[in-house]
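Worksheet for the structure shown next.
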Amino acid sequence: MTTRTSSEGILADDNREKREEIIALLTKAYWMEIETVMSYITNSVNPDGLRAQEIVESLQQDIQEELGHAQQFAQRIKELYGVVPGSLDFSAEQSYLQPPEQQTDIVHVIKGVIEAETGAIEHYNRIIEVTDGVDYVTQDMVIAILRDEEGHRRLFEGFLREFEVEGLA
Ligand SMILES: [Fe+2]
Ligand SMILES: [Fe+2]
């Protein structure tokens with residue numbers, strides 16, 4: 001901390017408390033992205049069947065995007081003079097993205113992805129609110145990430161719609 005030189009905006013000494021609040025929110029976001037990477041790897045490999053192919057390919061792409069989000073959150077934690085946590089601090093929460101009973105149950109995967117994306121969307125909207133007026137850099141970053149998550153959710157809502165129309169979901 002001795003090398004700190006900033007005195008403006010969110011990096012100012014006076015803003016230490018606010019910074020810690022934002023770092024806590026970013027840390028939660030970081031873990032959410034890490035767990036999503038894990039969940040999307042498993043769910044891009046496990047599913048069987050013709051209908052699963054589109055979902056599998058979409059999740060394969062998302063893995064890279066979610067990993068990029070995790071890296072951005074980590075970087076921003078450091079920029080705010082926080083420390084990116086080690087793996088021992090991780091605790092899993094995505095009960096809804098565990099492997100289904102049947103590996104052909106792709107609706108389970110689609111619904112799980114929608115739930116994960118919804119959780120991210122809610123949390124990132126909160127960060128955008130908390131940073132408003134005090135940390136535009138974090139806010140700007142999270143707005144861009146939020147757009148990705150909204151896109152992911154919309155895509156999977158579309159997948160679900162197809163199964164609903166056919167009475168399969
Ligand atoms: Fe993400
Ligand atoms: Fe996402």
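The table below gives the values:
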{"quantity": "Within the chain, helix-based [θ] at 222 nm, where runs of 4 or more DSSP H residues each add -39,500 (n - 2.57), nearest 500", "calculated": "-24000 deg cm²/dmol"}
{"quantity": "Student exercise, segment 1-127 dipole from Lys, Arg, Asp, Glu Cβ charges, in Debye to nearest 20", "calculated": "360 debye"}
{"quantity": "Whole-Å distance, taken between Cα centres, linking segment 1-79 and segment 96-126", "calculated": "17 Å"}
{"quantity": "For segment 72-144, convex hull volume per residue from C-alpha positions, Å³", "calculated": "114 Å³"}
{"quantity": "Test item: Cα-centred dipole of segment 113-169, Lys/Arg +1 and Asp/Glu -1 on Cβ, debye", "calculated": "40 debye"}
{"quantity": "Dipole axis of segment 106-169 (+1 Lys, Arg; -1 Asp, Glu on Cβ), positive-most option in Phe156, Met141, Ile121", "calculated": "Phe156"}
{"quantity": "Net charge of Cβ neighbours under 12 Å - reference Ala29; Lys, Arg +1; Asp, Glu -1", "calculated": "-2"}
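Readers should treat all values here as calculations from the given coordinates under stated rules, not as data from a laboratory. This one's a predicted model, so the numbers in the text were calculated from it and none came from an experiment. FYI the Cβ positions are ideal-geometry reconstructions off the backbone, even for glycines, and counts take in every protein chain you see.
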